[in-house]
Structures are given as structure tokens and as C-alpha cells.
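The values are calculated or read from the model by the stated rules, or taken from the named source; none is laboratory data. In this text, all values refer to a predicted model and were calculated from it rather than measured experimentally. As a convention, Cβ positions derive from the backbone with ideal geometry for all residues, glycine included, and neighbour counts pool all protein chains shown.
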Amino acid sequence: MIKSIGFKKVKTAVFISGRGSNLKSLIKFSKKKNSPISINLIISNTNKSYGLKYSKIYKIEKKIINFKNSHDAENKILKILIKNKITFICLAGFMKILSKSFIQKFKGKIINIHPSLLPKYKGLDTHKRVIQNKERITGCSVHYVSPKMDSGKIILQTKVKIGKNDSVKSLSRKVLKKEHKLYPAAIKKVFN
Ligand code: GRF
């Protein structure tokens, strides 16, 4: 459990690779009085992330870090995190795997959101696989990041019912809506 001291919000970085809808929901949450975190940095592995636009809209510093050499990339990120006094990391659609040594350095301080009821459906294309397997219930999970992908301790989950006519698109929309509520709730739980 991590405590935020007094009224000082915990300086947080959000790592993205794409659309950034969870980033947007986290930024909105962070601005609330009762949010334990402030978002001070956005990191993306590509300049093509649509979510980078929130840096401009909300005046949050952004850094684009090329992961061609992931060791160098992580070293760069570590320096930037230290410089910005970041002590908490939220992965939100970040498509790169962080190394064991990076995760160890931020042990218990990196969390991720995944669009399935973990431990079921780790990895990519969750909604497609869920529908193919004719599941009736799916959901989303926020978990601590451990060296094994999508396997760290679960913080919070929400269930979503799958309708007979749900497609990958309609299901991902439904789950995403829940994700935007689940991520802030999980962060509250982490700091409580
Ligand atoms: C979300 O479904 C999240 O659970 C997964 O990647 C997607 C990112 O969406 N890890 P967005 O970029 O936050 O819109």
C-alpha cells in the first residue's frame, strides 16, 4: 500500500502507445480534489499516438521515446522520471514490454489496465478470443505490473455481460466505458 502524504498528490506518469482514452479519463480524475495522483508526464513510444494530443490540451509534459533499443529507451525514461520526481506509473494501452530490472526499480508502483477478467485472456485480441470462445461474461482488470505479462496482483475488476449480438467492436466499446471508471477506482484503492 502506498500512502499519499497530506494533500500532496503523487506525481504520476502515464505510458501510452495509441488512442489514449484511458489517459484522458485519468487526467480528468487527477484534477479532482480527492484524487491521490497528479499526472505530470505522458510517455509514448511513438509520435503517432493519438493520445499525445492530451498533452497539449491539458498542458502536461510529454516525451516520445523510441524503443528500437529497449535498454537505452528504459534508461532514458528512468532519467526523465527522476528529473520530474515521478513516483507512480500508469500503463494505459502501452504496447511495449518493460524489463524486469525497470519493473524492480518501480516495484509496486507500476499498474496497468487490461481488457479482460484476468487471469483469463492475457495478451492481445482479448475481445476477439472472448467472442470466439462464446463467453457470456468478460470485463476489465487493473493490476500491478510484474515481469510476467498481465500477471501481477489484481487491484480491481469489473464484469461486463456479453450480448448474443455483440461484435468485437461493440464489446470493446462496452468494456472501454467500464475501463474509464475502473482505472480511477483502482488508483483510489492503491492509495487508501
Ligand atoms: C484498453 O482497452 C486497455 O485496456 C488496453 O489497451 C486499450 C487502450 O485504450 N491495455 P486507450 O489507448 O486507453 O484508449
* Working carefully through the options 188, 159, find the one that is more than 26 Å from residue 50 (Cα to Cα), part of a strand (DSSP E or B) and out of contact with any helix residue (DSSP H, G or I) (no Cβ under 6 Å at 6 or more places or on another chain). => 159
* Asked: Tell me, which helices (runs of 4 or more DSSP H) lie completely within region 64-153 with 2 or more residues that are within 14 Å of the ligand (Cβ to nearest atom), surrounded by 21 or more Cβ atoms within 10 Å (Cβ to Cβ) and not acidic (Asp, Glu)?
  -> 126-132
* Name every residue in region 154-176 that is exposed (fewer than 14 other Cβ atoms within 10 Å of the Cβ) and among the basic types (Lys, Arg), in order of residue number. => 159, 161, 164, 169, 173
* Collect the residues in region 95-123 that are on the phi > 0 side of the Ramachandran plot and either among the polar types (S, T, N, Q) or more than 15 Å from the chain's Cα centre (by Cα) (or both), keeping them in residue-number order. => 121
* Asked: Does region 3-10 include one or more residues that are away from the ligand (no atom under 15 Å from the Cβ), out of contact with any Pro (no Cβ under 9 Å at 6 or more places or on another chain) and at pLDDT 95 or above?
  -> no
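Please work out if residue 47 is within 16 Å of the ligand (Cβ to nearest atom) and over 19 Å from residue 182 (Cα atoms). Outline the logic, then answer.
Values: within 16 Å of the ligand (Cβ to nearest atom): yes; over 19 Å from residue 182 (Cα atoms): yes.
The answer is yes for residue 47.
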